[in-house]
Amino acid sequence: MNEPMDRSGWTERPPVDEVEDFIVESGGAWRAVRLLLDEVALLQAERDFMAAQVSAGYVRRPP
């Protein structure tokens, strides 16, 4: 469930300016971190749900 990300295909740098803007707009670094952790949790839940749907045969895997 907590597999490390494969970054071998990354060719560009992370969007540092976008991250800095997000931190400022969200009200500070700790709030930004909390929001990002919440987003990660939602994405993981969605991934787990979709994996269960595929395993049950309700959804076909994309080719």
Taking R0 as 35 Å, what's the FRET efficiency between Asp48 and Asp21 from their Cβ-Cβ distance, rounded to 0.05? 0.70
If segment 16-56 were replaced by its equivalent ellipsoid, with semi-axes equal to the square roots of 5 times the Cα gyration tensor eigenvalues, what would those be, largest first, whole Å? 30, 10, 5
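Each reported figure results from applying straightforward, stated rules to the coordinates on display, with no laboratory input. What you see is a predicted model; the values in this text were computed from it and never measured. We place every Cβ from the backbone using ideal geometry, glycine too, and count neighbours over all the protein chains shown.
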